[in-house]
Amino acid sequence: MIIVIIILLLNLNISLQPKQIQLYKLVSESGYGYIAYGGAGGGAKSHAVRDVALIIASEIPNINIGIFRRLSKELLTNHIIPFFRKYPELRIYFNKTERILYLPSGSTIQFCSSDDEEAIYSYQGSEFDLEFVDEATHFTPDMIQFLKTRNRSSKPNFKAKMILTCNPGNISHAYIKRLYIDRNFEDNENPDDYIFLPAKIYDNVIWSTNELKARGFTVKDYYEKWTDEERRDFTLNYSEYAKTLQGLPEQLKKAYLEGDWDVFGGQFFKSANWVQMKIPPFKIQPEWKLIGSLDPGFSSPCSFGLTAQDLAGNTIRISTYYEAERSPEEHAEAIKDFISNCPYTEGRKPSIIVSGRDAFAKKDRYAIMANDKTLADVFSAYGLYLHPAKTDRVQGWWAWKALIPNKYSIFDIPENKPLIDEMQAVISDDRHVEDIQGRGNDPSVSDHALDEQKYGIM
């Protein structure tokens with residue numbers, strides 16, 4: 001059912017749909033610190049952000065709320081303009097210069113943006129009891145992590161919360177999927193702090209209101225009498241917006257219509273079919289070619305992969321070693337054990353191991369070790385002989401893409417998750433669309449497994 005919340009002090013009536021009510025209760029009543037809301041397109045996420053923020057800011061005195069959108073122009077068109085179009089009587093409380101709404105309750109709602117990654121640090125001195133990060137996958141993981149440090153409250157009996165609205169895809173897809181969909185937590189992350197509230201297109205009656213009325217149904221029928229399946233079928237059959245989403249390419253349709261986090265259309269590997277490409281592991285035949293590939297790293301992850309090619313030219317990613325903060329000797333020893341203990345190859349050594357140029361550098365900006373020994377020298381002492389990879393970026397990406405989806409597959413095992421996450425998260429560079437974002441020079445883009453797999457394929 002739809003509920004109407006009356007804010008007496010402001011003389012406002014605010015209506016919330018059932019899924020938005022769930023969000024409101026999670027924000028106002030739950031003990032979760034990090035709430036992700038969304039999945040599919042059209043779920044009234046931005047509307048929910050504004051209305052839930054306004055209700056809570058009116059109910060609880062003297063709290064600070066931030067509504068974040070990545071770009072200032074999107075903040076204006078997706079939040080500020082719609083907000084005051086719906087609530088024109090609140091303009092008198094709005095400071096345009098500060099972009100802050102000062103409410104009679106003493107609470108504030110600040111509209112925030114960060115057109116480039118460094119601009120997020122302009123909020124260094126800010127403190128928000130509640131943060132609503134709209135379209136959170138447009139922010140980098142580092143930006144979201146920084147906003148977590150600004151999300152705190154000194155109010156007694158009040159738990160600060162960060163609310164992320166999100167669709168599959170874009171730069172933080174893998175980060176948000178790891179936390180809220182896969183629930184794969186790291187040591188400093190408490191699983192009890194995280195919850196995902198899915199929102200589908202059929203959770204938002206606005207897309208079907210005209211057709212409901214034309215067929216003699218009411219909004220009350222839609223929410224109180226119909227099942228989820230009936231709402232879904234009606235929306236898909238009669239909503240023009242749903243029909244538009246159904247006309248998208250298959251990957252985009254799954255992402256934006258169904259909220260499928262295993263596929264999304266903003267990726268660099270647009271033709272990837274994850275249902276087809278992720279396969280159960282099996283024993284690699286001894287006559288198949290076996291390649292090792294390495295992207296060295298110390299503070300950043302070192303990625304090593306085993307890739308096989310069968311007699312028909314099909315390429316299979318077998319397994320991935322992905323570790324950071326280890327010395328070259330520790331990496332070499334661990335990778336040697338990784339190869340010898342691989343159950344799918346029965347410990348067979350690769351016929352060749354290819355690596356990026358930094359493995360062969362001495363005392364220059366590409367060197368992993370600041371001495372006369374190269375990383376290749378260290379690895380050779382462990383019986384791992386590195387060969388320079390072909391490093392042409394565009395040629396390498398196209399060689400890989402030419403195999404997708406029919407001649408490239410990945411063993412569906414936990415060890416391959418870093419590669420899968422990077423493949424699903426990476427997008428094209430704005431200026432050089434045949435290369436990935438940052439072209440290998442952006443530390444916020446995780447590409448270590450991508451680079452070494454590209455070397456292996458080349």
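The values are calculated or read from the model by the stated rules, or taken from the named source; none is laboratory data. All values reported here derive from a predicted model rather than from experimental measurement. Positions of Cβ are backbone-derived with ideal geometry, glycine not excepted, and every protein chain shown enters the neighbour counts. Note: accessible area is taken over every heavy atom of the protein model, side chains too, but ligands, DNA and RNA are not part of it. Shrake-Rupley method; radii C 1.70, N 1.55, O 1.52, S 1.80 Å.
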Check: How do the pairs read when you match residues in region 180-198 that are in contact (Cβ under 8 Å) with a residue 12 or more places away in the chain with residues anywhere that are among the β-branched types (Val, Ile, Thr) and open to solvent by less than 80 Å² (accessible area, probe 1.4 Å), using Cβ under 6 Å and keeping only pairs 6 or more apart or on different chains?
Finding: ILE195/ILE35
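So that you can scan it fast, the table gives a plain yes or no per residue for (1) closer than 16 Å to PHE158 by Cβ; (2) at pLDDT below 95:
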site	(1), (2)
ALA44	no, yes
PRO61	yes, yes
ILE65	yes, no
PHE94	no, no
PHE111	no, no
Next item on the list: Filter region 1-14 down to residues that are surrounded by 12 or more Cβ atoms within 10 Å (Cβ to Cβ) and within 25 Å of ASP228 (Cα to Cα) and give me whichever is modelled with the highest pLDDT.
Entry: ILE14
Margin query: One residue is enough: does region 64-82 have a residue meeting the conditions in contact (Cβ under 8 Å) with a residue 12 or more places away in the chain and farther than 26 Å from THR140 by Cα?
Written below: no
Note to self: Looking for something in a loop (DSSP other than H, G, I, E, B) and among the small types (Gly, Ala, Ser) - is there at least one such residue anywhere in region 269-288?
What the structure shows: yes
Checklist line | Close pairs from region 317-340: first over 24 Å from PHE411 (Cβ atoms), partner among the hydroxyl-bearing types (Ser, Thr, Tyr) and part of a loop (DSSP other than H, G, I, E, B), Cβ under 7 Å, at least 6 apart | finding: GLU325/SER299
Item checked: Sole residue being hydrophobic (A, V, I, L, M, F, W, C), out of contact with any helix residue (DSSP H, G or I) (no Cβ under 9 Å at 6 or more places or on another chain), modelled with pLDDT of 90 or more and open to solvent by less than 50 Å² (accessible area, probe 1.4 Å), chosen from LEU76, LEU26 -> LEU26
Notebook entry, point to check: Only one residue in ALA308, ALA359, ALA332, ALA399 is under 34 Å from the mean Cα position of the chain (by Cα), under 27 Å from PRO280 (Cβ atoms), part of a helix (DSSP H, G or I) and of a type outside the set (Asp, Glu). Which one?
Noted result: ALA399
Checklist line | Residue in region 437-448 that is in contact with a strand residue (DSSP E or B) (Cβ under 6 Å, 6 or more places away or on another chain), closer than 15 Å to TYR321 by Cβ and modelled with pLDDT under 95 present | finding: yes
Check: How many residues does region 32-42 hold that are modelled with pLDDT of 90 or more and either open to solvent by less than 50 Å² (accessible area, probe 1.4 Å) or on the phi > 0 side of the Ramachandran plot (or both)?
Finding: 5
Margin query: Tally up the residues in region 10-47 that are in contact with an Asp or Glu (Cβ under 9 Å, 6 or more places away or on another chain), touching a residue at least 60 places away in the same chain (Cβ under 8 Å) and of a type in the set (A, V, I, L, M), please.
Written below: 4
Check: Within region 144-155, can you find the residues that are surrounded by fewer than 20 Cβ atoms within 10 Å (Cβ to Cβ) and out of contact with any Asp or Glu (no Cβ under 7 Å at 6 or more places or on another chain)?
Finding: GLN145, PHE146, LYS148, THR149, SER154
Margin query: Need the failing condition index for THR374 against (1) open to solvent by 70 Å² or more (accessible area, probe 1.4 Å); (2) in contact with a helix residue (DSSP H, G or I) (Cβ under 7 Å, 6 or more places away or on another chain); (3) farther than 27 Å from GLU434 by Cα, just the number.
Written below: (1)
Next item on the list: Would you mind stating whether ILE420 is among the aliphatic types (A, V, I, L, M) and under 15 Å from PHE304 (Cα atoms)?
Entry: yes
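The rows are residues; the columns are (1) surrounded by 22 or more Cβ atoms within 10 Å (Cβ to Cβ); (2) in contact with a strand residue (DSSP E or B) (Cβ under 7 Å, 6 or more places away or on another chain); (3) closer than 15 Å to TYR37 by Cα.
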| position | (1), (2), (3) |
| --- | --- |
| GLN124 | no, no, no |
| ASP142 | no, no, no |
| ASN157 | no, no, no |
| ILE163 | yes, yes, yes |
| ILE181 | no, yes, yes |
| PHE185 | no, no, no |
| GLU189 | no, no, no |
| TYR194 | no, yes, yes |
